[in-house]
Ligand SMILES: Cc1cc2nc3c(=O)[nH]c(=O)nc-3n(C[C@H](O)[C@H](O)[C@H](O)COP(=O)(O)O)c2cc1C
């Protein structure tokens, strides 16, 4: 039996775009291959084209270098050692973090207006997704973490964040994947309600 023809809107380009969206996975293990700085800058440029209500452009991106990454790894060691009351646990986590090749901290401008703050955070989240998808299309994986370190004042000192003016949306690690996990999603029928 011959295959049903593809719907007219379903071009190869659209299929490939969908594959990028569906194929991106959170990556925990990375190769130690350097990601070109120009690619990272292009991904940040792509991030800034995310929708943002009133065009507030509420984001800032801090791209960490060797020294600031090393300081974050030591901070991770301290945080985990204190939390678990176990220096071995701190060492283990610090070793894992030391193997993350790329580090980007994304912040959102703080606002006293509750609605504006919600919308700005949403915009920053969309920006992070743009960043991750742009990299994914180039074969580079990433992981968004909102762990304890993202709220630790010592991170603000390392990165140069002014907590009165901005808060951390996420620390994004990135690099070429060593292992790409699989994931399931509930599927459109589970999450969609169609109204007459
Ligand atoms: C706002 C946000 C914060 C996240 N923080 C963490 C985190 O702290 N630790 C973690 O392991 N994953 C974190 N993730 C990644 C999610 O766990 C991951 O997206 C989820 O498991 C789905 O996997 P996928 O990204 O491969 O689709 C975060 C994701 C988002 C959107």
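Throughout, read-outs are computed from the coordinates displayed, never taken from laboratory work. Bear in mind the structure is a predicted one, so any value in this text is a computation, not a measurement. A quick note on method: Cβ atoms are made from the backbone with ideal geometry, for glycine too, and the neighbour counts reach across all protein chains shown.
Quick one: length gained pulling residue 98 to residue 39 fully straight, 0.36 nm per residue minus the C-alpha distance? Before the final figure, lay out each step's value.
Details: separation 59, 0.36 × 59 = 21.24 nm, distance 2.16 nm.
Taking residue 98 through residue 39 to full extension adds about 19.1 nm, to one decimal.
Helix 12-23 and the longest principal axis of the C-alpha atoms of the chain enclose an angle of approximately 40°. What FRET efficiency comes out for the pair residue 189/residue 118, r = Cβ-Cβ distance, R0 = 25 Å, nearest 0.05? Efficiency, from the Cβ-Cβ distance: 0.30. Could you state the angle between the C-alpha long axis of helix 66-84 and the longest principal axis of the C-alpha atoms of the chain, as a value from 0 to 90 degrees rounded to the nearest 10? So the inclination is approximately 80 degrees.
I'm checking a number: the convex hull volume of the Cα atoms of segment 1-68, normalised per residue, in Å³. What is it? Please list the in-between numbers first.
Details: hull volume 13.4 nm³, N = 68.
In segment 1-68, the Cα convex hull volume per residue is 197 Å³.
Over the chain, the Kirkwood radius and the radius of gyration, each from Cα atoms, give a ratio Rg/Rh of 1.03. A straight line joining the Cα centroids of segment 122-196 and segment 47-85 runs 11 Å. The Cα-based radius of gyration and maximum Cα-Cα distance (Dmax) for segment 85-196 are 17.4, 59 Å. Over the chain, dividing the summed -39,500 (n - 2.57) contributions of all DSSP H runs of at least 4 residues by the number of residues returns a 222 nm mean residue ellipticity of -14500 deg cm²/dmol.
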